[in-house]
1. Being of a type in the set (Phe, Trp, Tyr) and either touching a Gly at 6+ places or on another chain (Cβ under 9 Å) or crowded, with 24+ Cβ neighbours inside 10 Å (or both) is the filter here, so list the residues in the stretch 335-380 that pass it.
2. Based on what the data block shows, is Gln196 free of Cβ contacts under 8 Å to residues at least 24 places away in the same chain and open to solvent by 70 Å² or more (accessible area, probe 1.4 Å)?
3. Being of a type outside the set (Ser, Thr, Tyr) and either closer than 17 Å to Phe255 by Cβ or in contact with a strand residue (DSSP E or B) (Cβ under 8 Å, 6 or more places away or on another chain) (or both) is the filter here, so list the residues in the stretch 148-162 that pass it.
4. Please specify each residue of the stretch 287-307 satisfying the condition of being closer than 20 Å to Ile246 by Cβ and of a type in the set (Lys, Arg).
5. Go through (1) modelled with pLDDT of 95 or more; (2) farther than 30 Å from Ala405 by Cβ; (3) of a type in the set (S, T, N, Q); (4) not in a helix (DSSP H, G or I) for Ser224 and report which single condition fails.
6. Quick one: Phe159 ticks every box in (1) open to solvent by 60 Å² or more (accessible area, probe 1.4 Å); (2) in a loop (DSSP other than H, G, I, E, B); (3) farther than 26 Å from Val281 by Cβ; (4) of a type outside the set (Ser, Thr, Tyr) except a single one, so which number is it?
7. Which condition breaks for Tyr409 when tested against (1) surrounded by fewer than 20 Cβ atoms within 10 Å (Cβ to Cβ); (2) modelled with pLDDT of 95 or more; (3) assigned to a loop (DSSP other than H, G, I, E, B)?
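The values are calculated or read from the model by the stated rules, or taken from the named source; none is laboratory data. Keep in mind it's a predicted model, so treat the numbers as computed, not measured. We place every Cβ from the backbone using ideal geometry, glycine too, and count neighbours over all the protein chains shown. Ligands, DNA and RNA are excluded from the accessible area calculation, which covers all protein heavy atoms including side chains. Shrake-Rupley method; radii C 1.70, N 1.55, O 1.52, S 1.80 Å.
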Amino acid sequence: MHDPRKLREETEEYRRRLARRGAADLLDAALAVDEQRLSALRRVEDLRAERNRATEEIARRRKAGEDVQEEIARMRALGDDLKAQEATLAGFEEEVQTLWLQIPNIPADDMPDGEESREERVLFKAPAFDFEPKPHWEIGTDLGILDFDRATRMSGSRFALQRGQGARLERALINFMLDLHTSRGYQEVFPPFLVQEPALYGTGQLPKFREDMFQTQTGHFLISTAEIPITNMHREEILDASDLPIRYCAYSACFRSEAGSAGRDTRGLIRLHQFNKVELVRFTRPEHSMDDLETIVRDAEEVLQRLELHYRVVTLPTGDYGFSAHKTYDIEVWLPAAGMFREISSATNFLDFQARRANIRYRDEDGRVRFVHTLNASGLAVGRTMAAILEQCQEADGSVRIPTALQPYMGTDRIQRQAGAVL
């Protein structure tokens with residue numbers, strides 16, 4: 001969330017920037033209720049001061065032996081009025097807090113407006129085929145490594161089952177990504193996959209995206225990304241400036257209801273209710289966070305570079321990026337069968353937006369306590385990486401070449417149909 005003091009003092013600047021993402025009305029609504037809250041607060045403070053004066057007057061008159069029944073009746077009336085005003089104030093405080101939480105982060109000045117992303121760079125050439133390339137779900141099914149039918153039978157739509165060399169490829173990609181990122185200074189973490197509501201408020205999934213989350217009967221939520229538990233590792237903590245930046249990487253399963261996505265990417269590994277992902281998270285000083293954004297996107301890109309997969313990097317526009325984000329780069333990998341790029345990672349700088357919600361701070365060299373800046377990036381979405389390998393590395397005979405960097409993890413340079421495999 002934003003600093004309410006700044007929203008009050010720099011209203012026009014925040015209104016201008018929030019208008020770029022169609023959210024200026026949320027600011028105006030919150031400020032209107034905040035003014036009512038301040039008015040109620042002043043009334044409560046006046047009544048408390050008046051009650052204190054009445055208490056002192058009663059004590060003085062009692063000491064002088066005077067009758068105080070009239071003053072006692074007046075103080076009781078003041079108490080009733082104060083109680084009612086305090087209830088009104090509590091209502092305004094709850095309402096304005098809810099409204100503060102609904103205001104999204106401000107966009108960076110260099111982000112494009114509207115709905116169109118800006119292409120920043122394209123890496124590697126798209127593979128050329130002398131045959132019609134197949135989509136990854138057909139390749140995986142033909143090889144017997146992807147089984148959507150059995151997954152649907154046990155779990156419903158938007159689930160996948162990997163088997164044989166498909167399961168091995170999933171595991172190989174996870175290990176390859178974690179080994180790469182830890183070699184670059186990220187500390188590996190294996191987080192819980194279930195969290196409570198405060199963790200989701202901390203990273204901004206709640207209250208806005210409740211319908212996208214899976215909730216259990218215990219009140220826990222299945223995480224939609226490892227960003228949630230990793231960011232909340234330092235919830236309500238004051239870090240030391242000498243420890244920054246802190247860099248974590250984590251594998252987790254991710255669970256998303258995909259509410260509102262009916263009819264989109266219904267086949268294959270692109271949009272599932274459950275998928276695996278390796279996540280990168282950074283906690284950094286405010287003056288370094290924009291440079292760190294460039295670093296974290298390069299760290300995520302290195303996975304695709306090592307795998308020699310065709311991809312591009314785009315800057316997301318104001319009309320198509322996350323609620324908590326200040327600036328986001330998307331890394332998009334090429335899927336030949338569809339003839340298009342598809343997102344495989346988002347790299348985001350949140351500024352202090354998440355840190356304020358989760359109360360994550362650090363003490364600088366002068367002893368001042370300040371909010372950290374948080375960043376994250378997928379490093380990468382594993383299923384989408386598998387889809388890209390199956391499609392970009394497919395051969396005319398139906399086999400799939402394993403990228404050189406991945407071969408030590410796979411123990412082979414090729415996936416092909418196994419004789420006697422049960423399909």
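1. Phe350, Phe353, Tyr362
2. No: the conditions fail for Gln196.
3. Answer for the stretch 148-162, where residues must be of a type outside the set (Ser, Thr, Tyr) and either closer than 17 Å to Phe255 by Cβ or in contact with a strand residue (DSSP E or B) (Cβ under 8 Å, 6 or more places away or on another chain) (or both): Ala151, Met154, Gly156, Arg158, Phe159, Ala160, Leu161, Gln162.
4. Of everything in the stretch 287-307, just one residue is closer than 20 Å to Ile246 by Cβ and of a type in the set (Lys, Arg), namely Arg298.
5. (2)
6. (1)
7. (3)
Matching residues to (1) part of a helix (DSSP H, G or I); (2) closer than 30 Å to Arg15 by Cα:
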position	(1), (2)
Arg42	yes, yes
Glu45	yes, no
Ala49	yes, no
Thr55	yes, no
Arg60	yes, no
Asp67	no, no
Ala77	yes, no
Leu82	yes, no
Ala87	yes, no
